[in-house]
Amino acid sequence: MSVSVLCADTVEKKKNWFQALELEYEVNAGVNIGGASPIPLPAEIRRIDSYNPDLNLQLGASVTKWIDMRKKWGVNVGVRVETKGMETKASVKNYGMEILDNGNKLKGRWTGMVHTKYHSRQFVVPITGVYKINRRLKVNFGPYLGFAFDNNFDGYVYDGYLREGDPTGNKYVFEDDSKASYDFGGDLRKFQWGLQGGVSWSAYRHLVVNANLEWGLNDVFESSFNTVSFPLYPIYLNVGFGYVF
């Protein structure tokens, strides 16, 4: 047998072996739209005056292992780097707060306006089940695990007053252009987990359009943090595209 025949036979065996694995690879990119929100909206938050979702980018890759002969059912494992963030202004009453005023820390209950900026860069691993409805459309659902390597949660309060300690404590008033800052970034949780579900539509042979909803199931803050008296859950819709090969 000639060398060329041996090489061709080896290549064909490798091709058949990869096909037998029934693997599908994808690289993807997108944007996240959402925020960290209490569920339901607590009594302390009286009104949301403004909301800016920021430009939250996502870049990742995934592999799907089809587990039946018709390639209807599969398991997808991915890895992605993404940003989650938002900026809001809200009117609150008796809202848990710790502020810096002329270098002094004051902790208590704030009534007035709150400006908040939340920003988190994360390394995320989703593990989802996949079902192919037809040759163009498939859906996925399952858990994800996230590790935050850059966290920020800060802002300022204005046009209101702080009751130190509890709603009957000493009163500190901030009027006109007076404001005080706060920073809870060091109290944000590093590890997050939740559920992801979405759809993928094949626009062309290799190009797909994706939409996935991520719903965090643990508070963005550490369990030891009690200044904000209610949990905040990261809820984001990711919309983007991918290349399948």
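The values are calculated or read from the model by the stated rules, or taken from the named source; none is laboratory data. Just so we're clear, the structure is a prediction, and the values are computed from it rather than from any experiment. Reconstructed Cβ throughout: ideal geometry from the backbone, glycine too, with neighbour counts over all protein chains shown. SASA here: full protein model, heavy atoms, side chains in, ligands and nucleic acids out. Shrake-Rupley method; radii C 1.70, N 1.55, O 1.52, S 1.80 Å.
Could you report the stretch 120-245's accessible area per residue, 1.4 Å probe, as an integer in Å²?
Each residue of the stretch 120-245 exposes 54 Å² on average to a 1.4 Å probe.
Greater than 30 Å separation of Cα atoms is the criterion. Which listed pairs, 89/132; 84/138; 65/117; 132/190; 89/190; 84/107, meet it?
On the way: 89/132 42 Å; 84/138 25 Å; 65/117 39 Å; 132/190 34 Å; 89/190 25 Å; 84/107 27 Å.
Pairs exceeding the cut-off: 89/132; 65/117; 132/190.
Within 9 Å, Cβ to Cβ, of residue 184, how many net charges do the neighbouring residues add up to if Lys/Arg are +1 and Asp/Glu are -1? Write down the numbers at each step before the final one.
Details: positive: none; negative: 98, 154, 183, 187.
Summing Lys/Arg as +1 and Asp/Glu as -1 gives -4.
For the chain, modelled as a GNM with alpha-carbon contacts under 10 angstrom, which of 224, 200, 50 fluctuates the most?
Checking each option, the largest mean-square fluctuation is seen for 224.
I need the phi-derived Karplus couplings for the stretch 182-196: 6.51 cos²θ - 1.76 cosθ + 1.60, θ = phi - 60°, integer Hz, Gly and Pro marked x.
9, 8, 10, x, x, 9, 6, 6, 7, 9, 10, 8, x, 10, 10
Gaussian network model of the chain, Cα springs within a sub-10 Å range: biggest mean-square fluctuation belongs to which of 138, 105, 65?
105
Ranked from the most accessible area to the least, with a 1.4 Å probe and all protein chains present, what is the order of 149, 225, 174? Don't skip to the end; give the middle numbers.
Working: 149 105, 225 30, 174 10 Å².
Order by accessible area, largest first: 149, 225, 174.
Hey, in the GNM for the chain with a 10 angstrom Cα cutoff, which one of 42, 143, 126 fluctuates hardest?
Looking only at 42, 143, 126, the biggest GNM fluctuation is shown by 42.
Which order do you get for 115, 206 if you rank them by accessible area with a 1.4 Å probe, largest at the top?
Sorted descending by solvent-accessible area, the residues read 206, 115.
Return the label of the correct value of Cα extents along the principal axes in Å, as calculated from the structure shown, out of [x] 44, 44, 38; [y] 93, 34, 28; [z] 56, 45, 36.
Checked against the structure: label [y].
So, R0 is 45 Å and r is the distance between the beta-carbons of residue 191 and residue 65; what FRET efficiency does that work out to, to 0.05? It would help to have the intermediate numbers written out before the result.
Working: r = 26 Å, r/R0 = 0.58.
The calculated FRET efficiency here is 0.95.
Quote the relative contact order of the chain in percent (integer), defining contacts as alpha-carbon pairs under 8 Å separated by 6+ residues. Mind dumping the intermediate values first?
Working: 647 pairs, mean separation 49.1, N = 245.
RCO, the chain: 20 percent.
Given the C-alpha atoms of the stretch 75-160, compute the convex hull and give its volume per residue in Å³.
Values: hull volume 12.8 nm³, N = 86.
Cα convex hull per residue, to the nearest whole number: 149 Å³.
If you plug each phi of the stretch 143-155 into the Karplus form 6.51 cos²θ - 1.76 cosθ + 1.60 with θ = phi - 60°, what whole-Hz ³J(HN,Hα) values come out, in order, with x for Gly and Pro?
Residue by residue, the stretch 143-155 yields x, 9, 10, x, 10, 8, 9, 7, 10, 9, 8, 8, x Hz.
Considering the dipole of the chain built from charges on the beta carbon (Lys and Arg +1, Asp and Glu -1) around the Cα centre, which of 126, 115, 45 is farthest to its positive end?
Positive-end residue among those listed: 126.
Which order do you get for 228, 125 if you rank them by accessible area with a 1.4 Å probe, largest at the top? Don't skip to the end; give the middle numbers.
Details: 228 10, 125 45 Å².
Ranked list, largest accessible area first: 125, 228.
FRET efficiency for residue 55 and residue 123, Cβ-Cβ distance as r, R0 = 22 Å, nearest 0.05? Could the numbers behind the result be given before it?
On the way: r = 19 Å, r/R0 = 0.87.
After rounding to 0.05, the efficiency reads 0.70.
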